[in-house]
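The values are calculated or read from the model by the stated rules, or taken from the named source; none is laboratory data. Keep in mind that this is a model prediction, so the values were computed, not measured. A quick note on method: Cβ atoms are made from the backbone with ideal geometry, for glycine too, and the neighbour counts reach across all protein chains shown.
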Amino acid sequence: MKFQKRFGNRRRTKPQKGLFLVILLAIALFLFFNAERLLSRIL
């Protein structure tokens, strides 16, 4: 079957890279929603 051949032997991605991206996304969302408060503290 072509489907099995195409999707059966996918290479495993590194879980650390995915975890790094999730943490980066969480930091970006945190900064996005708290930017106003952080800027008011700095200025």
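Restricting attention to the stretch 32-41, the residues being modelled with pLDDT under 90 and surrounded by 10 or more Cβ atoms within 10 Å (Cβ to Cβ) number 2.
Residues of the stretch 7-21 include none that is surrounded by fewer than 10 Cβ atoms within 10 Å (Cβ to Cβ), of a type in the set (Ser, Thr, Tyr) and modelled with pLDDT of 80 or more.
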